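**Q** Dropping a structure here in C-alpha coordinates format, bear with me for questions.
The values are calculated or read from the model by the stated rules, or taken from the named source; none is laboratory data. In this text the structure is predicted, and so the values were computed from the model without any measurement. Glycine also receives a Cβ, built like all others from the backbone with ideal geometry; neighbour counts cover every protein chain displayed. Note: accessible area is taken over every heavy atom of the protein model, side chains too, but ligands, DNA and RNA are not part of it. Shrake-Rupley method; radii C 1.70, N 1.55, O 1.52, S 1.80 Å.
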Amino acid sequence: MRIFVTGGAGFIGSQFIRDWVTRFPGSPVINFDKLTYAGNLANLAPVAGEPGYSFLEGDVCDKDALLEAIPENADAIVHFAAESHVDRSIAGAAEFVRSNVMGTQVLLDVARERKVKRFLHISTDEVGGTMDPQEWFKEDGKLDPRSPYAASKAAAEHLVRAAGATFGLDYIITRTGNNYGPYQFPEKLLPLAICNALEGQRIPVYGDGMQIRDWVHVSDNVRALMLLLRHGRAGQTYHIGGGVPRTNLEVLAMLLSLVGQPQSLLVRVADRLGHDRRYAVDISKISAEFNWAPRIPFAQGLRETIQWYQENQAWVNAVRSGEYRTYYQRQYSQLQQAKHTGSAGVI
Ligand code: NAD
Ligand code: DAU
(Lines give C-alpha, C1' and ligand atoms only; values in the text may rest on other atoms or scores of the structure.)
(Ligands and ions follow the chains in the order given, each with its own letter.)
Protein backbone atom coordinates (compact mmCIF):
# COMPACT_ATOMS: atom_id res chain seq x y z
CA MET A 1 0.00 0.00 0.00
CA ARG A 2 1.13 3.58 -0.69
CA ILE A 3 -0.19 5.73 2.11
CA PHE A 4 -0.19 9.43 2.91
CA VAL A 5 -0.31 10.30 6.60
CA THR A 6 -1.15 13.76 7.92
CA GLY A 7 -0.02 14.78 11.40
CA GLY A 8 2.50 11.95 11.57
CA ALA A 9 4.90 13.94 13.77
CA GLY A 10 2.37 14.03 16.62
CA PHE A 11 1.69 11.48 19.31
CA ILE A 12 -0.65 8.97 17.62
CA GLY A 13 0.45 9.63 14.04
CA SER A 14 4.09 8.91 14.88
CA GLN A 15 3.14 5.66 16.62
CA PHE A 16 1.19 4.72 13.50
CA ILE A 17 4.18 5.42 11.25
CA ARG A 18 6.71 3.66 13.50
CA ASP A 19 4.47 0.59 13.62
CA TRP A 20 3.67 0.76 9.90
CA VAL A 21 7.31 0.90 8.87
CA THR A 22 8.15 -1.97 11.21
CA ARG A 23 5.25 -4.06 10.00
CA PHE A 24 5.46 -3.31 6.29
CA PRO A 25 9.13 -2.47 5.65
CA GLY A 26 9.72 -0.70 2.35
CA SER A 27 6.02 0.07 1.85
CA PRO A 28 5.84 3.77 0.90
CA VAL A 29 4.54 6.13 3.59
CA ILE A 30 4.63 9.91 3.31
CA ASN A 31 4.36 11.89 6.54
CA PHE A 32 2.86 15.34 5.87
CA ASP A 33 2.96 17.57 8.94
CA LYS A 34 2.97 21.29 9.65
CA LEU A 35 5.21 20.82 12.69
CA THR A 36 3.15 22.90 15.04
CA TYR A 37 4.24 22.94 18.68
CA ALA A 38 2.81 19.37 18.86
CA GLY A 39 4.82 18.02 15.95
CA ASN A 40 8.18 16.58 16.93
CA LEU A 41 10.41 14.88 14.39
CA ALA A 42 12.28 13.15 17.21
CA ASN A 43 9.20 10.92 17.43
CA LEU A 44 10.17 9.53 14.03
CA ALA A 45 13.87 9.09 14.81
CA PRO A 46 13.55 5.28 15.03
CA VAL A 47 12.34 5.11 11.39
CA ALA A 48 13.84 8.24 9.82
CA GLY A 49 16.41 6.33 7.77
CA GLU A 50 14.12 3.50 6.70
CA PRO A 51 13.39 2.99 3.01
CA GLY A 52 9.83 3.88 2.04
CA TYR A 53 9.46 6.55 4.73
CA SER A 54 9.59 10.23 3.80
CA PHE A 55 8.65 13.48 5.46
CA LEU A 56 7.16 16.63 3.96
CA GLU A 57 6.60 19.79 5.97
CA GLY A 58 3.22 21.28 5.06
CA ASP A 59 -0.18 22.50 6.16
CA VAL A 60 -3.37 20.56 5.40
CA CYS A 61 -5.01 23.91 4.58
CA ASP A 62 -2.55 24.40 1.72
CA LYS A 63 -4.22 22.86 -1.33
CA ASP A 64 -1.30 23.40 -3.70
CA ALA A 65 1.12 21.71 -1.32
CA LEU A 66 -1.25 18.76 -0.95
CA LEU A 67 -1.77 18.45 -4.70
CA GLU A 68 1.97 18.29 -5.13
CA ALA A 69 2.49 15.86 -2.26
CA ILE A 70 -0.27 13.30 -2.70
CA PRO A 71 0.47 10.69 -5.35
CA GLU A 72 -2.27 9.97 -7.91
CA ASN A 73 -4.16 6.79 -6.96
CA ALA A 74 -2.53 6.57 -3.53
CA ASP A 75 -4.06 3.71 -1.59
CA ALA A 76 -5.04 5.80 1.41
CA ILE A 77 -4.89 9.00 3.34
CA VAL A 78 -4.70 8.54 7.10
CA HIS A 79 -5.75 11.88 8.56
CA PHE A 80 -4.44 12.57 12.07
CA ALA A 81 -3.48 16.23 11.64
CA ALA A 82 -5.40 18.44 14.03
CA GLU A 83 -5.14 20.77 16.95
CA SER A 84 -5.85 18.28 19.72
CA HIS A 85 -5.77 19.90 23.16
CA VAL A 86 -9.10 20.91 24.71
CA ASP A 87 -7.61 23.57 27.01
CA ARG A 88 -5.99 25.31 24.06
CA SER A 89 -9.32 25.32 22.20
CA ILE A 90 -10.91 27.07 25.17
CA ALA A 91 -8.14 29.68 25.16
CA GLY A 92 -8.63 30.25 21.41
CA ALA A 93 -10.70 28.30 18.90
CA ALA A 94 -9.61 29.90 15.62
CA GLU A 95 -6.72 27.54 14.89
CA PHE A 96 -8.98 24.58 15.67
CA VAL A 97 -11.52 25.69 13.10
CA ARG A 98 -8.79 26.36 10.56
CA SER A 99 -6.79 23.13 10.87
CA ASN A 100 -9.49 20.71 11.96
CA VAL A 101 -12.41 21.89 9.86
CA MET A 102 -10.99 23.77 6.89
CA GLY A 103 -7.93 21.50 6.73
CA THR A 104 -10.14 18.42 6.56
CA GLN A 105 -12.22 19.90 3.73
CA VAL A 106 -9.14 20.85 1.72
CA LEU A 107 -7.74 17.35 2.21
CA LEU A 108 -11.04 15.80 1.13
CA ASP A 109 -11.04 17.90 -2.04
CA VAL A 110 -7.51 16.86 -2.90
CA ALA A 111 -8.25 13.22 -2.08
CA ARG A 112 -10.97 13.34 -4.71
CA GLU A 113 -8.80 15.09 -7.30
CA ARG A 114 -5.98 12.64 -6.72
CA LYS A 115 -8.35 9.64 -6.82
CA VAL A 116 -7.15 8.38 -3.45
CA LYS A 117 -8.71 5.00 -2.80
CA ARG A 118 -9.54 5.32 0.90
CA PHE A 119 -9.78 8.13 3.48
CA LEU A 120 -9.24 7.08 7.10
CA HIS A 121 -10.37 9.92 9.31
CA ILE A 122 -9.29 9.99 12.95
CA SER A 123 -11.96 11.44 15.19
CA THR A 124 -12.65 11.38 18.91
CA ASP A 125 -15.18 10.14 21.44
CA GLU A 126 -15.54 13.79 22.52
CA VAL A 127 -17.89 14.48 19.59
CA GLY A 128 -20.61 12.63 21.54
CA GLY A 129 -20.33 15.01 24.46
CA THR A 130 -20.63 14.08 28.09
CA MET A 131 -22.31 10.71 28.85
CA ASP A 132 -24.73 9.96 31.68
CA PRO A 133 -23.43 7.52 34.34
CA GLN A 134 -24.70 4.33 32.66
CA GLU A 135 -24.61 5.58 29.07
CA TRP A 136 -22.21 4.28 26.38
CA PHE A 137 -21.51 6.20 23.19
CA LYS A 138 -22.38 4.08 20.16
CA GLU A 139 -21.43 4.77 16.55
CA ASP A 140 -24.97 5.89 15.69
CA GLY A 141 -25.32 8.01 18.84
CA LYS A 142 -26.05 11.69 18.45
CA LEU A 143 -23.22 14.19 18.16
CA ASP A 144 -23.28 16.68 21.01
CA PRO A 145 -19.86 18.34 21.15
CA ARG A 146 -19.37 20.74 24.04
CA SER A 147 -15.85 22.18 23.69
CA PRO A 148 -14.52 24.13 20.70
CA TYR A 149 -12.12 21.23 20.05
CA ALA A 150 -14.92 18.66 20.06
CA ALA A 151 -17.11 20.93 17.90
CA SER A 152 -14.32 21.26 15.33
CA LYS A 153 -13.87 17.47 15.26
CA ALA A 154 -17.63 16.93 14.89
CA ALA A 155 -17.70 19.41 11.99
CA ALA A 156 -14.82 17.54 10.34
CA GLU A 157 -16.73 14.25 10.65
CA HIS A 158 -19.76 15.82 8.95
CA LEU A 159 -17.57 16.96 6.08
CA VAL A 160 -16.11 13.47 5.65
CA ARG A 161 -19.58 11.89 5.59
CA ALA A 162 -20.77 14.58 3.19
CA ALA A 163 -17.90 13.73 0.81
CA GLY A 164 -18.97 10.09 1.01
CA ALA A 165 -22.63 10.83 0.29
CA THR A 166 -22.01 13.47 -2.38
CA PHE A 167 -18.95 12.22 -4.23
CA GLY A 168 -18.84 8.55 -3.28
CA LEU A 169 -15.60 8.94 -1.31
CA ASP A 170 -14.53 5.67 0.31
CA TYR A 171 -14.02 6.69 3.94
CA ILE A 172 -13.82 5.26 7.43
CA ILE A 173 -14.14 7.32 10.60
CA THR A 174 -12.67 6.16 13.90
CA ARG A 175 -13.49 7.64 17.28
CA THR A 176 -11.07 6.88 20.06
CA GLY A 177 -11.00 7.45 23.78
CA ASN A 178 -8.01 8.97 25.58
CA ASN A 179 -4.82 7.54 24.12
CA TYR A 180 -1.74 7.21 26.32
CA GLY A 181 1.76 5.84 25.80
CA PRO A 182 5.25 7.00 24.82
CA TYR A 183 6.02 10.25 22.95
CA GLN A 184 2.89 12.09 24.15
CA PHE A 185 3.37 15.82 24.51
CA PRO A 186 3.41 16.67 28.24
CA GLU A 187 0.44 19.02 28.18
CA LYS A 188 -2.10 16.19 28.33
CA LEU A 189 -2.99 14.76 31.74
CA LEU A 190 -0.97 11.54 31.79
CA PRO A 191 2.39 12.68 30.37
CA LEU A 192 2.17 15.89 32.41
CA ALA A 193 1.42 13.96 35.59
CA ILE A 194 4.16 11.40 34.90
CA CYS A 195 6.80 14.07 34.27
CA ASN A 196 5.77 16.00 37.38
CA ALA A 197 5.55 12.90 39.57
CA LEU A 198 9.01 11.73 38.51
CA GLU A 199 10.38 15.08 39.70
CA GLY A 200 8.28 15.20 42.87
CA GLN A 201 6.35 18.20 41.49
CA ARG A 202 2.68 18.91 42.08
CA ILE A 203 0.01 17.63 39.71
CA PRO A 204 -2.97 19.88 38.93
CA VAL A 205 -6.37 18.18 39.31
CA TYR A 206 -9.18 20.08 37.60
CA GLY A 207 -12.25 20.48 39.84
CA ASP A 208 -13.14 17.43 41.93
CA GLY A 209 -11.12 14.99 39.77
CA MET A 210 -14.14 12.73 39.37
CA GLN A 211 -14.37 13.17 35.59
CA ILE A 212 -14.30 9.85 33.76
CA ARG A 213 -12.20 9.02 30.72
CA ASP A 214 -11.73 5.83 28.70
CA TRP A 215 -7.98 5.17 28.38
CA VAL A 216 -6.58 3.13 25.52
CA HIS A 217 -2.93 2.43 24.85
CA VAL A 218 -1.79 4.13 21.66
CA SER A 219 -0.42 0.81 20.29
CA ASP A 220 -3.82 -0.81 20.67
CA ASN A 221 -5.43 2.13 18.89
CA VAL A 222 -2.91 1.94 16.05
CA ARG A 223 -3.47 -1.81 15.68
CA ALA A 224 -7.19 -1.11 15.27
CA LEU A 225 -6.47 1.67 12.74
CA MET A 226 -4.33 -0.65 10.61
CA LEU A 227 -7.03 -3.29 10.70
CA LEU A 228 -9.73 -0.83 9.66
CA LEU A 229 -7.57 0.76 7.00
CA ARG A 230 -7.27 -2.57 5.23
CA HIS A 231 -10.51 -4.33 6.12
CA GLY A 232 -13.01 -1.78 7.47
CA ARG A 233 -16.29 -1.36 5.61
CA ALA A 234 -16.47 1.81 3.52
CA GLY A 235 -18.67 4.56 4.91
CA GLN A 236 -18.60 3.17 8.45
CA THR A 237 -17.69 4.69 11.79
CA TYR A 238 -15.89 2.56 14.37
CA HIS A 239 -15.27 3.20 18.06
CA ILE A 240 -11.97 2.23 19.67
CA GLY A 241 -11.44 2.30 23.41
CA GLY A 242 -9.98 0.62 26.44
CA GLY A 243 -13.37 -0.51 27.69
CA VAL A 244 -12.68 0.48 31.31
CA PRO A 245 -13.51 4.13 31.96
CA ARG A 246 -11.84 5.52 35.12
CA THR A 247 -11.97 8.71 37.14
CA ASN A 248 -9.01 11.06 36.88
CA LEU A 249 -8.34 10.62 40.61
CA GLU A 250 -8.23 6.84 40.24
CA VAL A 251 -5.75 7.12 37.36
CA LEU A 252 -3.56 9.61 39.21
CA ALA A 253 -3.60 7.51 42.39
CA MET A 254 -2.36 4.49 40.40
CA LEU A 255 0.32 6.59 38.79
CA LEU A 256 1.60 8.00 42.07
CA SER A 257 1.78 4.61 43.68
CA LEU A 258 3.67 3.20 40.66
CA VAL A 259 6.15 6.09 40.83
CA GLY A 260 6.39 5.81 44.61
CA GLN A 261 5.31 9.37 45.34
CA PRO A 262 2.75 10.55 47.93
CA GLN A 263 -0.86 11.33 47.02
CA SER A 264 -0.25 14.78 48.51
CA LEU A 265 1.31 15.79 45.17
CA LEU A 266 -2.25 16.11 43.81
CA VAL A 267 -3.45 19.71 44.00
CA ARG A 268 -6.98 20.77 43.22
CA VAL A 269 -7.12 23.68 40.78
CA ALA A 270 -9.97 25.55 39.08
CA ASP A 271 -12.07 23.33 36.84
CA ARG A 272 -11.88 23.40 33.04
CA LEU A 273 -14.72 25.51 31.58
CA GLY A 274 -17.58 23.32 30.38
CA HIS A 275 -15.66 20.25 31.55
CA ASP A 276 -17.24 17.07 30.18
CA ARG A 277 -17.94 14.70 33.04
CA ARG A 278 -17.78 11.31 31.40
CA TYR A 279 -16.71 9.73 28.14
CA ALA A 280 -17.35 6.05 27.54
CA VAL A 281 -17.14 4.52 24.06
CA ASP A 282 -18.99 1.37 23.18
CA ILE A 283 -16.49 -0.84 21.30
CA SER A 284 -18.82 -3.73 20.52
CA LYS A 285 -18.94 -2.97 16.76
CA ILE A 286 -15.21 -3.35 16.09
CA SER A 287 -15.10 -6.30 18.49
CA ALA A 288 -17.95 -8.08 16.69
CA GLU A 289 -16.71 -7.38 13.15
CA PHE A 290 -12.98 -7.90 13.67
CA ASN A 291 -12.60 -9.57 17.04
CA TRP A 292 -10.54 -6.54 18.06
CA ALA A 293 -9.98 -5.90 21.76
CA PRO A 294 -7.37 -3.88 23.60
CA ARG A 295 -4.42 -6.10 24.55
CA ILE A 296 -2.54 -3.87 26.95
CA PRO A 297 -4.13 -3.77 30.42
CA PHE A 298 -4.15 -0.25 31.82
CA ALA A 299 -1.89 -1.01 34.82
CA GLN A 300 0.73 -2.58 32.55
CA GLY A 301 0.48 0.20 29.95
CA LEU A 302 0.79 2.86 32.62
CA ARG A 303 3.85 1.17 34.18
CA GLU A 304 5.54 0.90 30.78
CA THR A 305 4.67 4.49 29.90
CA ILE A 306 6.18 5.73 33.17
CA GLN A 307 9.30 3.71 32.40
CA TRP A 308 9.51 5.21 28.92
CA TYR A 309 9.43 8.75 30.32
CA GLN A 310 12.04 7.77 32.92
CA GLU A 311 14.34 6.39 30.26
CA ASN A 312 13.78 9.22 27.77
CA GLN A 313 14.66 12.28 29.81
CA ALA A 314 16.48 13.79 26.82
CA TRP A 315 13.20 13.76 24.85
CA VAL A 316 11.32 15.30 27.78
CA ASN A 317 13.98 17.97 28.38
CA ALA A 318 14.08 18.91 24.70
CA VAL A 319 10.29 19.28 24.65
CA ARG A 320 10.16 21.26 27.87
CA SER A 321 12.94 23.64 26.87
CA GLY A 322 11.57 24.09 23.35
CA GLU A 323 14.85 22.77 21.95
CA TYR A 324 12.97 20.04 20.09
CA ARG A 325 11.77 22.69 17.63
CA THR A 326 15.29 23.21 16.33
CA TYR A 327 17.78 20.66 17.55
CA TYR A 328 15.95 17.53 16.53
CA GLN A 329 14.69 19.06 13.32
CA ARG A 330 18.25 19.94 12.31
CA GLN A 331 19.60 16.53 13.24
CA TYR A 332 16.75 14.86 11.40
CA SER A 333 17.12 17.02 8.31
CA GLN A 334 20.80 16.19 8.06
CA LEU A 335 19.98 12.50 8.18
CA GLN A 336 17.29 12.81 5.54
CA GLN A 337 19.36 15.01 3.27
CA ALA A 338 22.07 12.40 3.30
CA LYS A 339 19.42 9.93 2.18
CA HIS A 340 17.74 11.93 -0.58
CA THR A 341 19.60 14.72 -2.26
CA GLY A 342 18.45 17.37 -4.68
CA SER A 343 14.73 17.79 -3.90
CA ALA A 344 14.34 21.28 -2.45
CA GLY A 345 11.78 21.58 0.32
CA VAL A 346 11.09 17.88 0.29
CA ILE A 347 12.78 15.57 2.73
P1 NAD B 1 -1.00 15.75 18.48
O2 NAD B 1 -1.42 17.10 18.92
O3 NAD B 1 0.03 15.02 19.28
O4 NAD B 1 -0.44 15.81 16.98
C5 NAD B 1 -1.08 16.54 15.98
C6 NAD B 1 -0.13 16.61 14.78
O7 NAD B 1 -0.81 17.30 13.73
C8 NAD B 1 1.15 17.39 15.07
O9 NAD B 1 2.26 16.70 14.56
C10 NAD B 1 0.94 18.71 14.34
O11 NAD B 1 2.15 19.31 13.90
C12 NAD B 1 0.06 18.28 13.18
N13 NAD B 1 -0.78 19.37 12.65
C14 NAD B 1 -1.58 20.21 13.34
N15 NAD B 1 -2.17 21.09 12.50
C16 NAD B 1 -1.74 20.78 11.25
C17 NAD B 1 -1.98 21.32 9.97
N18 NAD B 1 -2.79 22.37 9.79
N19 NAD B 1 -1.39 20.74 8.89
C20 NAD B 1 -0.55 19.68 9.05
N21 NAD B 1 -0.26 19.15 10.25
C22 NAD B 1 -0.84 19.69 11.34
O23 NAD B 1 -2.33 14.92 18.35
P24 NAD B 1 -2.60 13.39 18.68
O25 NAD B 1 -2.88 13.25 20.12
O26 NAD B 1 -1.56 12.56 18.05
O27 NAD B 1 -3.99 13.21 17.92
C28 NAD B 1 -4.01 12.84 16.54
C29 NAD B 1 -5.44 12.81 16.06
O30 NAD B 1 -6.20 11.91 16.85
C31 NAD B 1 -6.16 14.15 16.15
O32 NAD B 1 -6.99 14.26 15.02
C33 NAD B 1 -6.99 14.05 17.41
O34 NAD B 1 -8.14 14.84 17.33
C35 NAD B 1 -7.33 12.58 17.42
N36 NAD B 1 -7.56 11.96 18.73
C37 NAD B 1 -6.62 12.05 19.71
C38 NAD B 1 -6.84 11.40 20.93
C39 NAD B 1 -5.82 11.44 22.04
O40 NAD B 1 -6.12 10.94 23.12
N41 NAD B 1 -4.64 11.98 21.84
C42 NAD B 1 -8.02 10.69 21.12
C43 NAD B 1 -8.98 10.67 20.10
C44 NAD B 1 -8.72 11.29 18.89
O1 DAU C 1 -11.31 11.59 24.66
C2 DAU C 1 -10.41 11.75 23.61
C3 DAU C 1 -9.68 13.06 23.78
O4 DAU C 1 -8.80 12.88 24.88
C5 DAU C 1 -8.92 13.50 22.55
O6 DAU C 1 -9.81 13.73 21.51
C7 DAU C 1 -8.10 14.76 22.83
O8 DAU C 1 -7.31 15.08 21.72
C9 DAU C 1 -7.21 14.49 24.02
O10 DAU C 1 -6.53 15.68 24.37
C11 DAU C 1 -8.03 14.00 25.21
O12 DAU C 1 -8.88 15.05 25.73
P13 DAU C 1 -9.08 15.24 27.31
O14 DAU C 1 -9.53 16.60 27.57
O15 DAU C 1 -9.85 14.12 27.89
O16 DAU C 1 -7.53 15.03 27.76
P17 DAU C 1 -6.62 15.79 28.81
O18 DAU C 1 -5.37 14.97 28.95
O19 DAU C 1 -6.47 17.22 28.50
O20 DAU C 1 -7.45 15.66 30.16
C21 DAU C 1 -7.84 14.42 30.67
C22 DAU C 1 -8.67 14.67 31.92
O23 DAU C 1 -7.82 15.19 32.94
C24 DAU C 1 -9.75 15.71 31.72
O25 DAU C 1 -10.86 15.37 32.54
C26 DAU C 1 -9.12 17.01 32.23
C27 DAU C 1 -8.22 16.52 33.34
N28 DAU C 1 -6.96 17.28 33.57
C29 DAU C 1 -6.20 17.58 32.50
C30 DAU C 1 -5.01 18.24 32.66
C31 DAU C 1 -4.14 18.59 31.48
C32 DAU C 1 -6.58 17.59 34.86
O33 DAU C 1 -7.29 17.29 35.85
N34 DAU C 1 -5.40 18.25 35.04
C35 DAU C 1 -4.59 18.60 33.98
O36 DAU C 1 -3.52 19.22 34.20
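**Q** For residues in segment 63-94 being more than 10 Å from Tyr149 (Cβ to Cβ) and within 8 Å of ligand 1 (Cβ to nearest atom), which is farthest from the chain's Cα centre (by Cα)?
**A** His79
**Q** Looking at the structure I just gave you, is Ile203 closer than 27 Å to Ala42 by Cβ and of a type in the set (A, V, I, L, M)?
**A** Considered against the rule, which asks whether it is closer than 27 Å to Ala42 by Cβ and of a type in the set (A, V, I, L, M), Ile203 comes out as yes.
**Q** Taking segment 111-122, which residues are near ligand 1 (Cβ under 10 Å from one of its atoms) and touching a residue at least 60 places away in the same chain (Cβ under 8 Å)?
**A** Of everything in segment 111-122, just one residue is near ligand 1 (Cβ under 10 Å from one of its atoms) and touching a residue at least 60 places away in the same chain (Cβ under 8 Å), namely Ile122.
**Q** Same structure again: Suppose we filter Ser89, Ser99, Ser84 for residues that are within 13 Å of ligand 2 (Cβ to nearest atom) and not in a helix (DSSP H, G or I); which single one remains?
**A** Residue meeting the stated conditions: Ser84.
Okay, residues lined up against (1) buried (at least 18 other Cβ atoms within 10 Å of the Cβ); (2) farther than 28 Å from Ala234 by Cα; (3) touching a Leu at 6+ places or on another chain (Cβ under 6 Å):
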{"site": "Gly26", "(1), (2), (3)": "no, no, no"}
{"site": "Asn40", "(1), (2), (3)": "yes, yes, no"}
{"site": "Ala69", "(1), (2), (3)": "yes, no, yes"}
{"site": "Asn73", "(1), (2), (3)": "no, no, no"}
{"site": "Val86", "(1), (2), (3)": "yes, yes, no"}
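**Q** Could you check how many residues of segment 37-55 are hydrophobic (A, V, I, L, M, F, W, C) and assigned to a loop (DSSP other than H, G, I, E, B)?
**A** Total meeting the criteria: 2.
**Q** Could you tell me which of the residues Val21, Val5 is touching a strand residue (DSSP E or B) at 6+ places or on another chain (Cβ under 9 Å), part of a helix (DSSP H, G or I) and under 22 Å from Arg230 (Cα atoms)?
**A** When all the criteria are applied, what remains is Val21.
**Q** Still on this structure, I have one more. Which residue pairs have Cβ atoms under 7 Å apart, sit 6 or more places apart or on different chains, and have a first residue in segment 88-102 that is open to solvent by less than 30 Å² (accessible area, probe 1.4 Å) and a second that is among the aromatic types (Phe, Trp, Tyr)?
**A** Ser89/Phe96; Ser89/Tyr149; Phe96/Tyr149
**Q** Of everything in segment 210-241, what is within 14 Å of ligand 2 (Cβ to nearest atom), over 23 Å from Lys142 (Cβ atoms) and in contact with a Gly (Cβ under 7 Å, 6 or more places away or on another chain)? Give them in sequence order.
**A** Answer for segment 210-241, where residues must be within 14 Å of ligand 2 (Cβ to nearest atom), over 23 Å from Lys142 (Cβ atoms) and in contact with a Gly (Cβ under 7 Å, 6 or more places away or on another chain): Trp215, His217, Val218.
**Q** Looking at Gln310, Gln329, Gln337, which one is away from ligand 1 (no atom under 16 Å from the Cβ), assigned to a helix (DSSP H, G or I) and modelled with pLDDT under 95?
**A** The conditions single out Gln337.
**Q** Follow-up question, since we're still on this one. Among the listed residues Glu139, Glu113, which satisfies the condition of being away from ligand 2 (no atom under 14 Å from the Cβ) and open to solvent by 60 Å² or more (accessible area, probe 1.4 Å)?
**A** Glu113
**Q** Inspect segment 194-205 for any residue being touching an Asp or Glu at 6+ places or on another chain (Cβ under 8 Å) and away from ligand 1 (no atom under 13 Å from the Cβ) and give the result as yes or no.
**A** no
**Q** Would you mind finding the one in Leu108, Leu159, Leu169 that is away from ligand 2 (no atom under 16 Å from the Cβ), in contact (Cβ under 8 Å) with a residue 40 or more places away in the chain and not in a helix (DSSP H, G or I)?
**A** Of the residues listed, the single one that is away from ligand 2 (no atom under 16 Å from the Cβ), in contact (Cβ under 8 Å) with a residue 40 or more places away in the chain and not in a helix (DSSP H, G or I) is Leu169.
**Q** Collect the residues in segment 225-251 that are touching a residue at least 12 places away in the same chain (Cβ under 8 Å) and open to solvent by 50 Å² or more (accessible area, probe 1.4 Å), keeping them in residue-number order.
**A** Scanning segment 225-251 gives Arg230, His231, Arg233, Ala234, Val244.
**Q** Does segment 118-129 include one or more residues that are within 16 Å of ligand 2 (Cβ to nearest atom), closer than 20 Å to Phe11 by Cβ, part of a helix (DSSP H, G or I) and among the hydroxyl-bearing types (Ser, Thr, Tyr)?
**A** No, there is no match, as no residue in segment 118-129 is within 16 Å of ligand 2 (Cβ to nearest atom), closer than 20 Å to Phe11 by Cβ, part of a helix (DSSP H, G or I) and among the hydroxyl-bearing types (Ser, Thr, Tyr).
**Q** Could you grab the pairs with beta carbons closer than 9 Å, sequence gap of 6+ or different chains, first residue in segment 283-294 and closer than 15 Å to Arg230 by Cβ, second one open to solvent by 70 Å² or more (accessible area, probe 1.4 Å) and in a helix (DSSP H, G or I)?
**A** From segment 283-294, the pairs are Glu289/His231; Phe290/His231.
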